[in-house]
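The values are calculated or read from the model by the stated rules, or taken from the named source; none is laboratory data. Since this is a predicted model, take the numbers as computed values, not measurements. For neighbour counting, all protein chains shown are included, and Cβ atoms are generated from backbone atoms with ideal geometry for every residue, glycine included.
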Amino acid sequence: MPMIVGIVVVAVLAVVIGGVVLTQHSASSGPVDPATPAGSIPISRAGTSFATTIDDGVVVAGRSAPHTLDVYEDALCPACQSFEARGGARIAKVVAEGKLRVRYHLVNMLDQRSEPEGYSTLAGNAMICGAENGIFPDLHVSLYTAQPEEGGTAYTVDQLVDLGQRLKAGPGYADCVRSAKYAPAITATFARVAKDPALRQPKTGSFGTPTLVMDGKILGPGDARLDAVAPPL
């Protein structure tokens, strides 16, 4: 696992620096809620809302659309945070406009990089639970905006439940988070995609996060297809 993690971090940075993910524009989230209770995860707002469904553990944003973007992400991945901060707003906009459907595949590649271990699974499960209970856009932005430091102290189940409740999640959210309902799906997703040759980063030949696949074809450094579908704001 440590060797895989080291490789994928390099792969991710290559993709981000290459321009597929990052742009010169503002972050997706709005101001952090100044009334955050002590010890709670701050709330950040997505700005643009969109409907979500769950398909075999995958969060699907939007319905039928001319293009589909598959995003493979880890809640603890710093480059995934950069992707959300720099590209999340424009993606949310075109999803809400019906121009793009996004499939979020949560993986637990970095489970061993939190204290205690397991945050990637815990937060990924919370995101899917949030999608099931109507708060995915704001929960997704909040967890990346206030992302724990890799190797540092992770948020707890109670903190994730509290965040969802402050975001007015549906009644099933707390039980979904506490029962780790989607943990097996997250583990199974990572086991599958880590070995999928179609998801290997072009320069390294390894899987990394975030991995972006537009209409069935992986996006590499400098690829302009994302900009064409979701223009920078």
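Summed over the stretch 145-174, residues that are under 19 Å from T48 (Cβ atoms), part of a helix (DSSP H, G or I) and either of a type in the set (D, E, K, R) or touching a strand residue (DSSP E or B) at 6+ places or on another chain (Cβ under 9 Å) (or both) total 0.
When restricted to residues that are free of Cβ contacts under 8 Å to residues at least 60 places away in the same chain and crowded, with 24+ Cβ neighbours inside 10 Å, the stretch 136-163 contains 1. Between A126, A174, the distinction of being out of contact with any Phe, Trp or Tyr (no Cβ under 8 Å at 6 or more places or on another chain), buried (at least 24 other Cβ atoms within 10 Å of the Cβ) and at pLDDT 95 or above belongs to A126 only. In the set S49, S40, S64, only one residue is within 26 Å of E149 (Cα to Cα) and modelled with pLDDT under 95; that residue is S40.
Within the stretch 37-61, residues that are among the small types (G, A, S) reach partners that are surrounded by 17 or more Cβ atoms within 10 Å (Cβ to Cβ) and assigned to a loop (DSSP other than H, G, I, E, B) with beta carbons closer than 6 Å, at six or more positions or on different chains, in the pairs S44/S29; G57/Y182; A61/F50. Regarding R200, is this residue free of Cβ contacts under 8 Å to residues at least 60 places away in the same chain and surrounded by fewer than 14 Cβ atoms within 10 Å (Cβ to Cβ)? Criteria not met by R200.
Would it be correct to say that T209 is assigned to a loop (DSSP other than H, G, I, E, B), out of contact with any Lys or Arg (no Cβ under 7 Å at 6 or more places or on another chain) and among the β-branched types (V, I, T)? It is true that T209 is assigned to a loop (DSSP other than H, G, I, E, B), out of contact with any Lys or Arg (no Cβ under 7 Å at 6 or more places or on another chain) and among the β-branched types (V, I, T). For A185, the test of being closer than 16 Å to M127 by Cβ, touching a strand residue (DSSP E or B) at 6+ places or on another chain (Cβ under 9 Å) and outside any loop (DSSP other than H, G, I, E, B) is passed.
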